[in-house]
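Since the structure comes first, as structure tokens, the remarks are kept for the end.
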């Protein structure tokens, strides 16, 4: 029997969000190890699911995990921002009942030290797609100091980004995530319930995988697809992602898109795509927080398309 490696974050909340959908299609943009996908399929016996992932290890695992659902499941490999655009062009927009995206690195990728996501890893990689050309080693050891400063400030929101970039440049080359985190530990913010190097590793990982760009692109594709009935659920794990989702959902909910300084509406006042279902993001319940430390950062926002 296949061993299920972990329980996905906000598992109950995802099932509640995609409950009683009837028939149609759900797109899981970030299949990972199939946790959310299997729960959605079990809760909706007439739904077909198209799952996307760029990690071949995850695809191999989930292909076996989801095989019991037969032809109800289709798995596509690639970056979700580009693959979803292809899917939305192929299927009838009215058939899509839900889209889920669980943004960020999976627990299994974190646990596999050879992938270089862990602070204890003896490698320096961080690629979600192991065939991608850019790795953490390239970023840390080859980026100019100014480029390092940019990503440490924008993606890590580190106040002493100049000092950290300077220490990296003076001490490179680095050969492992462990070496990098230990060297920079004295310069990392303290006092939080997270590893001192969390924001450093986050900044590098976002750069390697273009995570914010991927999120923006998938939201743009969803907006352009003009989906009449789909429920959109985005799970994020840090404030940079959550801000992007919150801002985009707010834009989708507006009927008038005239600039604030306009004296009267000239846009037609008919641009609303639907409504926001979550004024505040949904977060993990106490029992899940105790079972899964990663869930403490998870925030899910929901939007109902209604066109």
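The values are calculated or read from the model by the stated rules, or taken from the named source; none is laboratory data. Given the structure is predicted, the values throughout are model-derived calculations rather than measurements. Every residue, glycine as well, gets a Cβ built from its backbone with ideal geometry; the counts of neighbours run over all protein chains shown.
Miscellaneous remarks
Residue-wise test of (1) in contact with a helix residue (DSSP H, G or I) (Cβ under 6 Å, 6 or more places away or on another chain); (2) surrounded by fewer than 21 Cβ atoms within 10 Å (Cβ to Cβ).
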site	(1), (2)
158	yes, no
166	no, yes
186	no, yes
189	no, yes
196	yes, yes
203	yes, no
207	yes, no
213	no, yes
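- Candidate set: the range 170-180, residues that are farther than 19 Å from residue 128 by Cβ and in contact with a helix residue (DSSP H, G or I) (Cβ under 7 Å, 6 or more places away or on another chain); chosen: the one surrounded by the most Cβ atoms within 10 Å (Cβ to Cβ): 174
- Residue check, residue 60 modelled with pLDDT under 95, over 18 Å from the mean Cα position of the chain (by Cα), assigned by TED's automatic domain parsing to the domain that holds residue 229 and over 26 Å from residue 244 (Cα atoms): yes
- Residue match in the range 10-25 (condition: closer than 15 Å to residue 74 by Cβ and either over 18 Å from the mean Cα position of the chain (by Cα) or at pLDDT 95 or above (or both)): yes
- Verdict on residue 37 being part of a helix (DSSP H, G or I), surrounded by fewer than 21 Cβ atoms within 10 Å (Cβ to Cβ) and within 21 Å of the chain's Cα centre (by Cα): no
- In the range 40-65, the residues that are in a helix (DSSP H, G or I), under 22 Å from residue 229 (Cα atoms) and touching a strand residue (DSSP E or B) at 6+ places or on another chain (Cβ under 7 Å): 40, 41
- Criterion: farther than 16 Å from residue 244 by Cα and in the same structural domain as residue 250 (by TED's automatic domain parsing) - qualifying residue of 228, 173: 228
- Residue 154 being surrounded by fewer than 16 Cβ atoms within 10 Å (Cβ to Cβ) and farther than 25 Å from residue 122 by Cβ: yes
- Wholly within the range 107-211, helices (runs of 4 or more DSSP H) carrying at least 1 residues that are at pLDDT below 90 and within 19 Å of the chain's Cα centre (by Cα): 107-111, 198-209
So that you can scan it fast, the table gives a plain yes or no per residue for (1) outside the structural domain of residue 215 (by TED's automatic domain parsing); (2) in contact with a helix residue (DSSP H, G or I) (Cβ under 9 Å, 6 or more places away or on another chain); (3) without any contact (Cβ under 8 Å) to a residue 12 or more places away in the chain; (4) on the phi > 0 side of the Ramachandran plot:
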site	(1), (2), (3), (4)
22	no, no, no, yes
47	no, yes, no, no
64	no, no, no, no
79	no, yes, no, no
88	no, yes, no, no
